[in-house]
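The values are calculated or read from the model by the stated rules, or taken from the named source; none is laboratory data. The model shown is predicted, which means the values in this text are computed figures rather than measured ones. Glycine also receives a Cβ, built like all others from the backbone with ideal geometry; neighbour counts cover every protein chain displayed.
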Amino acid sequence: MKAFRRLEMLLPLRFNDGREVPYTSLADTMQEIRSRFGELSSESQTIHGVWHHGGEPYREDLVRVFVDVLDTPENLQFFRDLKERARQRFHQLDIWMTTHPIEVV
C-alpha cells in the first residue's frame, strides 16, 4: 500500500496592510500545485484568522487549499519551496502550511 500525505495551505485574501490580494496571486499558487500533481482542492468559504506578531494583532481572511500526494521526500521539498514562494508572493511574514499522513481507503 502506498503512503500518502495531505498538504494544506491557508492563503490570505488581503495583504497585511489591508490591500486585496490580486486573484492572480491565488491562481498562480494553485496552478503550481496543479501543474506538479494534476489536482488541487479548495474551499469557497472564507476562513477568518487572528494572529499576533511583535505585540500587534493581525486579522486575516484566508482560503484553504489542499492536495493529497504520495508521501515522498521530493514532494515534501516541493511544499517547503512552495511555502517560500507563496510567502514572497503574498508579502507575508509566514504562510501557514501543514502536512500530515493520510490513509486512503
Lone unmet requirement of (1) in contact (Cβ under 8 Å) with a residue 60 or more places away in the chain; (2) surrounded by fewer than 16 Cβ atoms within 10 Å (Cβ to Cβ) for Phe79: (2)
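Just wondering, is there one or more residues in segment 29-36 that are surrounded by 17 or more Cβ atoms within 10 Å (Cβ to Cβ) and touching a Lys or Arg at 6+ places or on another chain (Cβ under 6 Å)?
So the first thing to find is which residues in segment 29-36 are surrounded by 17 or more Cβ atoms within 10 Å (Cβ to Cβ), and the list is 29-30, 32-33.
Narrowing the set further to residues that are touching a Lys or Arg at 6+ places or on another chain (Cβ under 6 Å) leaves none.
Checked segment 29-36: no residue is surrounded by 17 or more Cβ atoms within 10 Å (Cβ to Cβ) and touching a Lys or Arg at 6+ places or on another chain (Cβ under 6 Å).
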Kindly provide the set of residues from segment 82-105 that are among the basic types (Lys, Arg) and buried (at least 18 other Cβ atoms within 10 Å of the Cβ), ordered by number. Arg89
Restricting segment 38-76 to residues that are small (Gly, Ala, Ser) and surrounded by fewer than 11 Cβ atoms within 10 Å (Cβ to Cβ), the residue that is modelled with the highest pLDDT: Gly38
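Table: residues versus (1) under 18 Å from Pro101 (Cα atoms); (2) among the basic types (Lys, Arg).
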{"site": "Leu13", "(1), (2)": "no, no"}
{"site": "Tyr23", "(1), (2)": "no, no"}
{"site": "Glu43", "(1), (2)": "no, no"}
{"site": "Val50", "(1), (2)": "no, no"}
{"site": "His53", "(1), (2)": "no, no"}
{"site": "Phe66", "(1), (2)": "yes, no"}
{"site": "Arg80", "(1), (2)": "yes, yes"}
{"site": "Arg85", "(1), (2)": "no, yes"}
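Answer yes or no as to whether Asp17 is charged (D, E, K, R) and either crowded, with 16+ Cβ neighbours inside 10 Å or at pLDDT 95 or above (or both).
On the way: charged (D, E, K, R): yes; either crowded, with 16+ Cβ neighbours inside 10 Å or at pLDDT 95 or above (or both): no.
No; evaluated as a whole, the condition is false for this residue.
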Could you please find all residues in segment 48-105 being among the aliphatic types (A, V, I, L, M) and either within 16 Å of Leu13 (Cβ to Cβ) or touching a helix residue (DSSP H, G or I) at 6+ places or on another chain (Cβ under 8 Å) (or both)? Val50, Leu62, Val63, Val65, Val67, Val69, Leu82, Ala86, Leu93, Ile95, Met97
